[in-house]
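The values are calculated or read from the model by the stated rules, or taken from the named source; none is laboratory data. Here the structure is a predicted model, which means the values were calculated and not measured. Heads up, the Cβs are rebuilt from the backbone with ideal geometry, glycines too, and the neighbour counts pull from every protein chain shown. Calculation scope for accessible area: heavy atoms of the full protein, side chains included, ligands and nucleic acids excluded. Shrake-Rupley method; radii C 1.70, N 1.55, O 1.52, S 1.80 Å.
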Amino acid sequence: MSDPSTTSRSRAWVEVSLDGLRENALAVQRAVGPGVRLVPMVKADAYGLGLGAVARALAAMPALEGPWAFGVAAVAEGETLRALGWRGRTLVFAPAPHDEFHRAADAGLTLCFSDEQSVRLWAEVAAATGRDLPFHAEVDTGMGRAGFPWDRAAAWGAHVASLARGRLRWEGVYTHFHSADEPDLAATDRQWERFRSAVAALPADVRTGVVVHSANSAAALRREGLGGDLARPGIFLYGGAAGAQQRPAPVAAVRARVVLVREVPAGWTVGYGATYTARRPERWGTLSIGYGDGIPRALSTGGGEVLVRGRRVPIIGRISMDVTTVDLTDVPEVEVGDVATLVGRDDPEEITVDEAAARCGTISYEILTGLTGRLPRVYLGSEPRGF
Ligand SMILES: *Cc1c(COP(=O)(O)O)cnc(C)c1O
């Protein structure tokens, strides 16, 4: 294990492999082919791994022409990218509250719209500020949470096109797949057909002038030809499997120190509710990490394991806010100060983020974005200083 003396690695931390991140971005680029540009999704602090380091690493990859844009979900996230020095396109994918439109314009962000009223307001902001304001239109092909209806594109397409005059620029049209990570891709193919028919129903000058995009990680990896001019990978970049054959390179590792080791007699209990009782004389280790760091409490009941000295040991009792207890009886060489791995590699073993998620009934996305600010992010691999 790496240097235990640094404070960021003293209690508990998240290691982020920037080389793994870059490898996964290349894998997506290879899958979609050289004609398709990437819009890496860096919302939610780059899925919890740290917006600045992740965006800088992705922007500096010579093998990607450079991201076509970065994708975020909130105006504030776009403003953060600007403050970090990113000058390229920044797309805000989730519908933004109207009272944030002026801020979005000031930050030079591109908004995504699902209704004419928002387009009209964006046109007013363009006129009032004298700025050129681009936007993308989302098409709802089955996701249901946002988007213009796919089957009425001729009508809304004409209205939106009539608003996109002067300083307002209709730059893109996209949809979002709901099941591209499921074994059966029939629903994804159906959504793609709906999307194509919607695009075909747009006014001709719009249709030929906009970029078209649809693919998330799963669709990009599993339906190479499908998707359009751009792909919007998220989870796969960060080491989540995305339902694809292809395994991502590991990116995030969640590690904590063994801070206490104790021999306990049979009958000793551990944790709130005393849900675990020693069946024999056992050796228990206390790890300096808990649900206050984002380790789901459900992991204790779901048969959670951690790695120590390259071996798996079980989590025992309930995870507390600040500490987690494990049974070290079968790995007696573990000592105070050792590093335990809750997600990631400790050769020859590995707990993928997907495995940890499955054990507590959730998805990799929720595990990663749930890691709290108490865990320092430690970056491995060369880290560009700016954009
Ligand atoms: C989050 C998001 C993505 C990325 O999805 P992954 O499954 O993480 O690859 C793509 N497009 C939109 C609109 C999103 O909100």
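It is to be established whether one or more residues within the stretch 208-229 are out of contact with any strand residue (DSSP E or B) (no Cβ under 9 Å at 6 or more places or on another chain) and among the β-branched types (V, I, T). Looking through the stretch 208-229, at least one residue is out of contact with any strand residue (DSSP E or B) (no Cβ under 9 Å at 6 or more places or on another chain) and among the β-branched types (V, I, T).
Among the helices (runs of 4 or more DSSP H) confined to the stretch 1-60, the ones with at least 1 residues that are open to solvent by 10 Å² or more (accessible area, probe 1.4 Å) and under 19 Å from G370 (Cα atoms) are located at 43-47, 51-59.
Residues that are within 8 Å of the ligand (Cβ to nearest atom) and either touching a Lys or Arg at 6+ places or on another chain (Cβ under 8 Å) or closer than 13 Å to L368 by Cβ (or both) within the stretch 221-236 comprise G234, I235, F236, listed in sequence order. Does R190 meet the test of being part of a loop (DSSP other than H, G, I, E, B), of a type in the set (D, E, K, R) and over 24 Å from the mean Cα position of the chain (by Cα)? The answer is no for R190. For L81, the requirement of being surrounded by 14 or more Cβ atoms within 10 Å (Cβ to Cβ), among the aliphatic types (A, V, I, L, M) and within 15 Å of the ligand (Cβ to nearest atom) is not met. Within the group Y272, Y238, Y276, Y291, which residue is in contact with a Leu (Cβ under 8 Å, 6 or more places away or on another chain) and aromatic (F, W, Y)? One residue alone meets the criteria, Y238. Scanning the stretch 61-70 for residues that are among the aromatic types (F, W, Y) and either open to solvent by less than 20 Å² (accessible area, probe 1.4 Å) or under 16 Å from the mean Cα position of the chain (by Cα) (or both) yields a single hit, F70. Elements of the type strands (runs of 3 or more DSSP E) sitting completely within the stretch 243-327 and holding at least 3 residues that are under 30 Å from A180 (Cβ atoms), under 22 Å from the mean Cα position of the chain (by Cα) and touching a residue at least 12 places away in the same chain (Cβ under 8 Å): these cover 252-264. Can you go through A107, A73 and tell me which one is within 16 Å of the ligand (Cβ to nearest atom), at pLDDT 95 or above, in contact with a Lys or Arg (Cβ under 9 Å, 6 or more places away or on another chain) and under 25 Å from A25 (Cβ atoms)? It is A73.
Here's the yes/no breakdown for (1) open to solvent by 10 Å² or more (accessible area, probe 1.4 Å); (2) out of contact with any His (no Cβ under 9 Å at 6 or more places or on another chain); (3) of a type outside the set (G, A, S):
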site: A218; (1), (2), (3): no, yes, no
site: L226; (1), (2), (3): yes, yes, yes
site: Y276; (1), (2), (3): yes, yes, yes
site: R280; (1), (2), (3): yes, yes, yes
site: T286; (1), (2), (3): yes, yes, yes
site: E305; (1), (2), (3): yes, yes, yes
site: R311; (1), (2), (3): yes, yes, yes
site: S320; (1), (2), (3): yes, yes, no
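If you go through the stretch 328-342 and keep only what is open to solvent by less than 10 Å² (accessible area, probe 1.4 Å) and either in contact with a helix residue (DSSP H, G or I) (Cβ under 8 Å, 6 or more places away or on another chain) or of a type outside the set (S, T, N, Q) (or both), you end up with L328, V331, V334, A340, L342.
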